[in-house]
1. Take ARG46 and HIS14, extend 7 Å from each Cα along the Cα→Cβ direction, and tell me the distance between the two endpoints in nm.
2. Under 20 °C and 1.002 mPa s, how fast does region 41-91 diffuse according to Stokes-Einstein, given a Kirkwood radius computed over C-alpha pairs? Answer in µm²/s, whole number.
3. Quick one: if you stick a label point 7 Å off each Cα along the C-beta vector at MET1 and LYS73, how many nm between them?
4. Ranked from highest to lowest mean number of other Cβ atoms within 10 Å per residue, what is the order of the peptides 46-53, 34-41?
Amino acid sequence: MIKADLVREVAKKHGLSRNLSGQIVQTLFDEMANGLVTDSRIELRRFGVFHIKSQALRVITLPSGIKITRPAKKVVTFALSPTVKKKINLPPNEKDTLSTFHQNPYPLGQNPLTGFYDPLLPKP
């Protein structure tokens, strides 16, 4: 799956234009990147956790005997949630029946945090 597929699915499932859904998906990615830089951890319930891990300076010896120093750096790690692990390991005929990811219990225009109508969200 690529970004264009995500944009298409968001547009289709929520009745939005591709332009608007593209902006939403890009904003999500931008905020996730900013969150990693500032907080070094992003937890998405029922999906997984992104985490920044520091790797120390490392001296690598090549087979020819030459030593190379790799500087210290930070890398992003990802751990799947148990829900996703379970879905991945289901037999192929049961994967279609497990719909824990794509159900939105909130109608368009309703804020999922407060439960009240939000004028900034699309109208139903």
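1. Distance between label points: 1.5 nm.
2. Working: Rh = 13.7 Å.
The estimated diffusion coefficient comes to 156 µm²/s.
3. Once both label points are built, they end up 2.8 nm from each other.
4. Working: 46-53: 14.2, 34-41: 11.9.
The peptides rank, most packed first, as 46-53, 34-41.
Every read-out reported here was derived from the displayed coordinates using simple, explicitly stated rules and does not represent laboratory data. Bear in mind that the values here come from a model prediction, so they are computed numbers and not experimental data. Backbone-built Cβ (ideal geometry, glycine too); neighbour counts: all protein chains shown.
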